[in-house]
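**Student:** My questions will all concern the structure given below.
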């Protein structure tokens, strides 16, 4: 028999962990409402909504955020499409060069960002490619691709091959089989991969800082602003991005529950 | 049985695989015809080529050599989605993201059947498999037996020329399996479609089939109706695979009419139908339930051997005796536990075993 004391200790411990994980987010949200008077936004000076009203008052910051969103969406789409196809290939088939492909996927995940950024820069310089939007998108697609491959491959490996045979048997051609059976079956892996890709892209600093040229992104702008003090608008934007993420997660959970209680 | 054009015809079908740089023959030349409306079983141990044979009928594998014909038409190179045949998979392969109704309607939708007709046909077939009212369920919310019936309905609703079933009852427990055997027979009678049933379970094949092809090592060993397969196994393999058999080997003494007199030991005299010259060695088989065990010498005109009771096993409805002959051969005898069971042989007793000549067969 475990004592009441043990139960209580576990309860306290669990809440401490949750508090620890949530506190940076709470601080970020809170200081978006800070009516700061000094340059730095580090001590509480009263409640205000004015940073929400002046959200787009700093031109450089707004441009950087728009850039980041465009880059994140484009690279997520590219990485998801390419990564899904690659995940299907390595999860399903045995082919010449499969070992090399597996290794490259692993390497893309495990390479330190500094190394990846530096080598991509020297690649772009030697290829005489002008740095900017395009090079950032290429770089982001590259490092998020491998994560999509891994999540999709996990679904493909667990997929009963007779599902697709059953679809073929019932009169579906190869493309219809993919659309109606294969894709819905691996969709959770595809969606997880896409979310990872978006999250990796929107806050990437290290690799982006090598290949950005004169282009600004949200994380680059924030790091640049550290010395002069980060404006509360950054907190507000962070809060909004976080809020959208939470809404998506809730929507996903609700739709999953609706499906099971049919 | 097979009238006019057979539903399915295999003509010298061979399937070779390349495994680790070596060519392996999974099917080594199978020719057979399956009649319209027949319940046909492919029976054999795992690795005998029965599943590969079925997959070639379905179109998932292309034969290396030979032809597959459906109602007289050569479909050897026709992909599975263009064949008028449907399959029930061992794992059922129900689409997990679709409910029962969507699963069953899948094939009809691919064929662009009108909505009203789809509704009608899906409703009818769900009634036949006793799943009316569960249209909105998802496969994972159903029991194994129900999933099995959804898989059956999904295939049958297309009214295929033939239905292929790959060990469909393998995942069910014994009680449910026996229930589904009867159910499958009923459904087959109701819809009148040719069933090709793949199984390694001999009792399943014997219970349900009109005809059985016993396969071993990529070849058909025997093709006959269940009674013939059981009573007159054509080879050592079939005799051993189907039920329990006693295999005996002896020297032909003489031929008396169409019976051979085979000698094993001093007191043994076996009569068996067959043709062979005196001095030849023959293999023969006799089923354990055909043998009478007695402590007194039986009448003449029967096959008679003598041995010692080595073991008696009580099995409820019957006793199983293991009797060792002088040459060391062990013979199994089943004796019903009837009220008038006369034998009182104990372990170690010397007994006579006898059976009618027509209950034993020479083997090739």
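**Student:** Could you check which residue among A:216, A:233, A:37 shows the biggest mean-square fluctuation in a GNM of chain A with a 10 Å Cα cutoff?
**Tutor:** A:37
**Student:** In Å, what Rg and Dmax follow from the Cα atoms of region B:37-186?
**Tutor:** 15.8, 47
**Student:** So what's the projected area for region B:250-310, the Cα convex hull averaged over all directions, in nm²?
**Tutor:** 4.7 nm²
**Student:** Debye sum, Cα scatterers, chain B, no solvent: what log₁₀ I/I(0) at q = 0.07, 0.08, 0.09 1/Å?
**Tutor:** -0.42, -0.53, -0.64
**Student:** Shifting gears a bit: When the Kirkwood radius is taken over all Cα pairs of region B:253-364, what Stokes-Einstein diffusion coefficient follows at 20 °C and 1.002 mPa s, in µm²/s?
**Tutor:** Diffusion coefficient, whole number: 147 µm²/s.
**Student:** Can you give the FRET efficiency for residue A:58 and residue A:17, using 1/(1 + (r/R0)^6), R0 = 41 Å, r = Cβ-Cβ distance, to the nearest 0.05?
**Tutor:** With a Förster radius of 41 Å, E is 0.70.
**Student:** Additional query: Tell me the volume per residue, in Å³, of the convex hull enclosing the alpha carbons of region A:12-56.
**Tutor:** Normalising the Cα hull of region A:12-56 by residue number yields 93 Å³.
**Student:** Let me ask you something else. Given a Förster distance of 30 Å, report the FRET efficiency between residue A:203 and residue A:255 from their Cβ-Cβ distance, rounded to the nearest 0.05. Don't skip to the end; give the middle numbers.
**Tutor:** Values: r = 26 Å, r/R0 = 0.88.
Result of the calculation: an efficiency of 0.70.
**Student:** I've got another one for you. Take every Cα-Cα distance within chain A, group them into 5 Å bins from 0 onward, and report for each bin the whole-number percent of pairs it holds.
**Tutor:** Cα pair-distance distribution for chain A, in percent: 1, 5, 9, 12, 13, 13, 12, 11, 9, 7, 4, 2, 1, 0, 0.
**Student:** Right, next: Provide a whole-number value for the mean count of partner chain Cβ atoms within 10 Å of the Cβ atoms in peptide B:90-99.
**Tutor:** Shielding by partners across B:90-99 averages 5.
**Student:** In nanometres, what is the gap between the two model label sites at residue B:19 and residue B:247, each 7 Å from Cα along Cα-to-Cβ?
**Tutor:** 2.3 nm
**Student:** Would you calculate the separation in nanometres between label points at residue B:117 and residue B:308, each defined as 7 Å from the Cα along the Cα-to-beta-carbon direction?
**Tutor:** Here the modelled spin labels are 7.6 nm apart.
**Student:** When A:5, B:363, B:172 are ordered from fewest to most other Cβ atoms inside 10 Å of their Cβ, what list results?
**Tutor:** Ascending number of Cβ neighbours within 10 Å: A:5, B:172, B:363.
**Student:** Using packing as a proxy for protection, rank B:248-254, A:10-16, A:180-186 so that the peptide with the highest average count of other Cβ atoms within 10 Å comes first.
**Tutor:** Sorting B:248-254, A:10-16, A:180-186 by mean packing, highest first, produces A:180-186, B:248-254, A:10-16.
**Student:** Residue A:118 label point, 7 Å along Cα→Cβ, cut-off 11 Å on backbone N: hits in region A:207-222?
**Tutor:** What the label zone holds, given the 11 Å backbone N cut-off, is no residue at all.
**Student:** Taking each residue of A:179-185 in turn, how many C-beta atoms of other protein chains fall within 10 Å of its C-beta, and what is the average?
**Tutor:** Taking all residues of A:179-185 together, the mean is 3.
**Student:** Hey, what angle do you get for helix A:133-157 against the long axis of chain A, alpha-carbon based, 0 to 90 degrees rounded to 10?
**Tutor:** It is inclined by approximately 50 degrees.
**Student:** Which order, highest average first, do B:305-313, A:197-205 follow once you tally other Cβ atoms within 10 Å for each residue and take the mean per peptide?
**Tutor:** A:197-205, B:305-313
**Student:** When only alpha-carbon atoms are used, what values of Rg and Dmax, in angstrom, describe the protein assembly as shown?
**Tutor:** Rg then Dmax for the protein assembly as shown, in Å: 36.6, 122.
**Student:** Return one number: the angle in degrees, 0 to 90 and rounded to the nearest 10, between the long axis of the Cα atoms of helix B:174-191 and the longest principal axis of the Cα atoms of chain B.
**Tutor:** 60 degrees
**Student:** How large is Rg over Rh for region A:1-156, taking Rg from the Cα atoms and Rh as the Kirkwood inverse mean of 1/r across Cα pairs?
**Tutor:** With Rh from the inverse mean 1/r over Cα pairs, Rg/Rh is 1.14.
**Student:** Order the peptides B:21-33, A:76-88 from the highest to the lowest mean number of other Cβ atoms within 10 Å of their residues.
**Tutor:** A:76-88, B:21-33
**Student:** Partner chain Cβ atoms within 10 Å, averaged over the residues of B:77-83 - can you pull that number for me?
**Tutor:** 4
**Student:** Let me ask something additional. In degrees from 0 to 90, rounded to the nearest 10, what is the angle of the helix B:100-110 Cα long axis to the longest principal axis of chain B?
**Tutor:** Relative to chain B, helix B:100-110 is tipped by roughly 70 degrees.
**Student:** Taking only C-alpha pairs under 8 Å that are 6+ residues apart, what is the relative contact order of chain B in percent?
**Tutor:** Relative contact order of chain B: 15 percent.
**Student:** A further question follows. What is the calculated FRET efficiency for residue A:81 to residue A:37, with r their C-beta to C-beta distance and R₀ = 60 Å, to the nearest 0.05?
**Tutor:** 0.75
**Student:** By the gyration tensor of its Cα atoms, with a ≥ b ≥ c the square roots of the eigenvalues, what is the shape of region B:173-250: rounded for a/c under 1.5, prolate for a/b over b/c, or oblate?
**Tutor:** Judged from the Cα gyration tensor, region B:173-250 comes out prolate (a/c at least 1.5, a/b above b/c).
All of the numbers you see were taken from the coordinates with simple rules; none came from a lab. Quick caveat: nothing in here was measured; it's all calculated off a predicted structure. So basically every Cβ, Gly included, is an ideal-geometry build from the backbone, and we count neighbours across all protein chains shown.
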